[in-house]
Amino acid sequence: MNASVNLHQTHLAMLGTGNMGSAVLAGALRAGIDPANVVATARRPERAEQVAAEHGVRVTADNVEAVRGADVVVVAVKPKDVGALLGTIRGALAPGAVVVSVAAGLSTDFLQGRLPAGQPVVRVMPNTPAAIGAGMSALSRGTHASDDDVALVLAALAGTGDVVEVPEAYQAAAGAVSGSGPAYMFYVLDALAEAGVSVGLSRDLASRLAVQTMLGSARLIAETGEHPALARERVTSPGGTTVQGLRALDVGGVRAAFIAAVEAARDRTDQIAAESQA
């Protein structure tokens, strides 16, 4: 964390408390933002009560009220609703408040064009493991975001997991890997556990084996820095069981399917961006 960033004194507005908004909020609090300095928004009273009880923050249905006095404003609503929301809050924003969008497909130009001139904007694509501090986020700065602005956002996101800054041209690609990636991993976990059931294991045992295997494999690569292909070769004995399993995956086109999935997610992000400009 940047030593000059005092998160305890940072005022945060969290506009939207769905799955992603709640995940980012949890991470920001974990990073050191004082719940007393947070105002979140929720449209439904029952959701407002739930968020207030879970996180200890003030919750309102009024977005304008939420952003007044905020140093960081996180926009975590559906992409189709972002333009109207920015139009609603633009007059209440402090000049130096950093607006952070987690909406897929919306460029910093789109955001800046709907905010006062010079408003700092940062675009972030987090993922749902951010809720437990194990997320991966890709960050891109807008034209007016300074190094200090980015440092503040990085510090606030530190509690969500790892954060990497990327040129905005790579946002769609990064989001297709890490933003959508948890869904791919859950898909694999479900398939691997179901395969265990098909060969006679109980569902609970198969699930436990699959989850810990994925967790341990990812941690091994993260801690050793070894290339996954080399790690795979070390598990694969000539003529053994694993090589036959890998052959079946290749015959099934699993590698090609993953590439196609990432390309499809990237293309959909680009499509959302084009639709937002229409």
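Coordinate-derived values only; no laboratory data. Just so we're clear, the structure is a prediction, and the values are computed from it rather than from any experiment. Neighbour counts are summed over all protein chains in view; Cβ atoms, including those assigned to glycine, are modelled from backbone coordinates with ideal geometry.
Here are some notes:
- Backbone phi angles across segment 55-66, fed through the Karplus curve with coefficients 6.51, -1.76 and 1.60 (θ = phi - 60°), yield HN-Hα couplings of 10, x, 10, 7, 10, 9, 9, 9, 5, 5, 4, 5 Hz in residue order; Gly and Pro are listed as x.
- Three-way shape call for segment 7-171 based on the alpha-carbon gyration tensor, with the a/c threshold at 1.5: rounded
- If only the Cβ of Lys and Arg carry +1 and only the Cβ of Asp and Glu carry -1, the dipole of the chain around its Cα centre is close to 380 debye.
- Build a GNM of the chain with springs between Cα atoms under 10 Å apart, and of Glu54, Glu233, Glu168 the one that fluctuates most is Glu233.
- Relative contact order of the chain, defined on C-alpha pairs under 8 angstrom at six or more residues apart (%): 17 percent
- Karplus 3J(HN,Hα) series, Hz, for segment 221-229 with 6.51 cos²θ - 1.76 cosθ + 1.60 (x for Gly, Pro): 5, 4, 7, 8, x, 6, 5, x, 5
- Axis angle, to the nearest 10 degrees, between helix 181-198 and the longest C-alpha principal axis of the chain: 30 degrees.
- The loop-placed trypsin sites (Lys or Arg not before Pro) in segment 1-56, going by DSSP, that have at most 15 neighbouring Cβ atoms within 10 Å of their Cβ come out as Arg43.
- Once backbone amide H atoms are built at 1.01 Å from N, Gly135 has Ala130, Gly161, Asp162 as its partners under 5 Å, excluding neighbours fewer than 5 places away on the same chain.
- Model label sites at Glu65 and Met185, defined 7 Å from Cα along the beta-carbon direction, differ in position by 3.8 nm.
- For Glu165, the residues whose modelled amide H falls within less than 5 Å of its own, excluding neighbours fewer than 5 places apart on the same chain, are Leu139.
- Listed residues Thr236, Thr224, Thr108, most fluctuating in the chain (Gaussian network, C-alpha, under 10 Å): Thr224
- Between Thr213 and Ala84, the contour length at 0.36 nm per residue exceeds the alpha carbon distance by 42.0 nm.
- Using the Cβ of Ala61 as centre and a radius below 13 Å, the other residues enclosed give a net charge of 0, where K and R count +1 and D and E count -1.
- Amide H to amide H, with H built 1.01 Å from N, Ala40 comes under 5 Å of Met14, Arg58, Val59, Thr60, counting only residues 5 or more places away or on other chains.
- Summarising the strand pairing of the chain, around 15 percent of its internal DSSP beta bridges are antiparallel.
- Cα shape, the chain, gyration tensor, a/c 1.5 rule: prolate
- Computed from the C-beta positions of Thr242 and Arg268 and an R0 of 30 Å, the FRET efficiency is 0.30 to the nearest 0.05.
- In order along segment 255-262, the phi-based Karplus estimate (6.51 cos²θ - 1.76 cosθ + 1.60, θ = phi - 60°) of 3J(HN,Hα) comes to 4, 5, 5, 5, 4, 5, 5, 5 Hz; Gly and Pro are listed as x.
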